[in-house]
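One structure is given here, and the rest of the page talks about it.
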């Protein structure tokens, strides 16, 4: 020992420590963003699933009401209906009429009687750019409609 006092480091962090801190924050931010994207996709899938289920429930109620009133002959009218009309309120992003639908929007085409949804995140739906549904007659008895369901069409 030469009698020199040990060198005392002044406050603050060194370059290496700063780089490690930035790297840790970067990894955490990346993990958080990945999780947020996954949650957003799951949220969109859930929103669409609930809207379609609620349309189906409303449709079943309309079928049941007509059956209870002895109006079986009016069931085919429901095949022509807009499935959105069975909801208490329009789904978020519903575009009325023939307007072009963008991402995150619902649209009913009266010419083809098809309900469609354009996902905000197609990856949440297996890469599909558009999901489509149509009313489908079920249980034809003696050539008459006995039930109706909202059926998903292939991509």
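Measure out, as a whole number of angstrom, how far apart the alpha-carbon centroids of segment 64-84 and segment 105-139 sit. Taking the Cα centre of each part, segment 64-84 and segment 105-139 sit 22 Å apart. Between 0 and 90 degrees, the angle of helix 15-68 with respect to the longest Cα principal axis of the chain falls at about 10 degrees. Its DSSP H runs of at least 4 residues, each contributing -39,500 (n - 2.57), put the calculated 222 nm mean residue ellipticity of the chain at -13500 deg cm²/dmol, to the nearest 500.
Which order do peptides 80-89, 128-137 fall in by mean Cβ count within 10 Å, highest first?
Numbers: 80-89: 14.2, 128-137: 16.2.
Descending mean neighbour count gives 128-137, 80-89.
The C-alpha radius of gyration of segment 12-52, expressed as a fraction of 2.2 N^0.38 Å, stands at 1.96.
Out of all DSSP beta bridges with both ends in segment 14-155, state the antiparallel percent to the nearest 5. Before the final figure, lay out each step's value.
Numbers: 17 of 19 bridges.
Given both bridge residues lie in segment 14-155, the antiparallel proportion sits at roughly 90 percent.
Give me Rg/Rg_expected for the chain, where Rg uses Cα atoms only and Rg_expected = 2.2 N^0.38 Å with N residues.
Working: Rg = 28.3 Å, N = 155, 2.2 N^0.38 = 15.0 Å.
Ratio of Cα Rg to 2.2 N^0.38 Å: 1.89.
Each value in this text was obtained by applying a stated rule to the coordinates, not by laboratory testing. These figures come from a predicted structure and were not determined experimentally. Glycine also receives a Cβ, built like all others from the backbone with ideal geometry; neighbour counts cover every protein chain displayed.
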